[in-house]
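Structure first, then comments.
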Amino acid sequence: MSGYRKNPVGAHYGLLDWLLQRLTAVVMAVFTVAAAVCLLVNAPASHEDLRALFGGSLLRVATMLFLLALFYHAWVGVRDIVMDYIKSAALRLGLQTLVGVALVFYAIWSVAILWGK
């Protein structure tokens with residue numbers, strides 16, 4: 001049993017994160033198709049047309065939901081890759097912290113873009 005490890009390393013998040021990552025993929029796919037159809041039907045001819053399209057709350061909320069799903073999906077994927085391939089605990093923690101901070105920054109920036117003036 002040379003491959004057996006008595007003390008496994010990692011948090012073993014399991015089925016819930018696997019399921020949530022698949023759910024976020026579905027949310028992103030549905031948004032992408034809906035946005036493509038919306039843009040094909042109501043093709044904005046100018047920047048003002050595009051701003052008017054995003055003027056309604058529905059598209060802003062849907063876009064924010066898409067972005068939050070994307071950020072969570074990215075977090076789970078990167079976290080799993082880092083846990084699987086980076087053996088140094090200090091480097092693993094540093095990379096996970098860096099990715100987490102970046103994703104939180106992107107989420108805040110997304111809110112500023114979607115609801116800013």
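Hand me the chymotrypsin sites (Phe, Trp or Tyr not before Pro) from the stretch 32-79 located in a DSSP loop with no more than 16 other Cβ atoms within 10 Å, in residue order please. Working shown, then result.
Values: sites: Phe54, Phe66, Phe71, Tyr72, Trp75; in loops: Phe54.
Sites meeting the loop and neighbour criteria: Phe54.
Which label belongs to the value computed from this structure, given these candidates for percent of Cα pairs over 22 Å apart: (1) 60; (2) 50; (3) 30?
(2)
Given 0.36 nm per residue, what is the gain on full extension from Val30 to Thr97 after removing their alpha carbon distance, in nm?
Fully extending the segment from Val30 to Thr97 adds 21.1 nm.
I'd like the FRET efficiency for Met64 and Ile86, computed as 1/(1 + (r/R0)^6) with the beta carbon distance as r and R0 of 41 Å, rounded to 0.05.
Details: r = 31 Å, r/R0 = 0.76.
In this case the efficiency is close to 0.85.
We did not get these values from a lab; they are worked out from the coordinates using the rules stated. Please read all numbers here as calculations on a predicted model, not as lab measurements. We place every Cβ from the backbone using ideal geometry, glycine too, and count neighbours over all the protein chains shown.
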